[in-house]
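Single-structure report; data block below.
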Amino acid sequence: MSLSDFDLFLSSMEDVEPLSHDTVTLQHLKTSPSLAQQEKRKAAEADLMIDENYLRSELVELLAPDALLSYKNTGVQEGVFKNLRLAKYQIDATLDLHGQPLKSARQALFDFIHDCHTKNIRVLLIRHGIGIKNIKTPGILKSYTNKWLQELSAVLAFHTALKQHGGIGATYVLLKKSDEKKHENRERHAKR
């Protein structure tokens, strides 16, 4: 008759005596976190609140107040860009950045472009001004707007506005179609 593993275990443990136990008393834990724990928590919470705004805020090349802003992404047809420059498209939304501090202007522009792109608003007017009234001083907000618009993936093209829309103190912006609108167009053209 063969012994099972359990029977073998029991037979090998026959002469074992249990150990006596020491009583362990638990100390009361502190209810409030230590200073180090509080700082770790703050750092972790700060990591969770990562700024989605990737627009650069470091120094950019400053432009003269009377400089023309002009940018065309690759793939934008020359006729489309010309129509934008000549204000042939209806302006669907406007953002006025006059007098705003650089930090709030950065966030306002980022949010405005994001919201317009999401809502499929395609043609915008950004009023940034030309800077301090002294014509020799570079336009800081204008210079940053020029840089920021080039960094935004939703922007296809932009150009300084015509006089009736603000001239050198404003810029027309053309945005890409939203993904939803692209999908609608594909479906509509596929049915033909």
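The values are calculated or read from the model by the stated rules, or taken from the named source; none is laboratory data. Keep in mind that what you see is a predicted model, and the values were worked out from it rather than measured. Reconstructed Cβ throughout: ideal geometry from the backbone, glycine too, with neighbour counts over all protein chains shown.
Consider residue 75 carefully, then state whether it is of a type outside the set (A, V, I, L, M, F, W, C), modelled with pLDDT of 75 or more, loosely packed, with under 10 Cβ neighbours inside 10 Å and out of contact with any strand residue (DSSP E or B) (no Cβ under 9 Å at 6 or more places or on another chain).
no
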Problem set entry | Condition met for residue 113 (outside any helix (DSSP H, G or I) and buried (at least 16 other Cβ atoms within 10 Å of the Cβ)) | no
Seminar exercise, completed: Being modelled with pLDDT of 95 or more and over 23 Å from the mean Cα position of the chain (by Cα) narrows 63, 86, 35, 29 down to just 86
For this session: For the range 148-167, indicate whether the set of residues that are over 28 Å from residue 183 (Cβ atoms) and acidic (Asp, Glu) is non-empty.
Result: no
Seminar exercise, completed: Among the residues of the range 82-98, the number that are surrounded by fewer than 14 Cβ atoms within 10 Å (Cβ to Cβ) and not in a loop (DSSP other than H, G, I, E, B) is 2
Exercise. Filter the range 134-188 for residues that are at pLDDT 95 or above and among the hydroxyl-bearing types (Ser, Thr, Tyr); which is nearest to residue 118 (Cα to Cα)?
Worked result: 172
For this session: Kindly indicate whether any position in the range 165-181 is part of a loop (DSSP other than H, G, I, E, B), in contact with a helix residue (DSSP H, G or I) (Cβ under 7 Å, 6 or more places away or on another chain) and within 14 Å of residue 83 (Cα to Cα).
Result: no
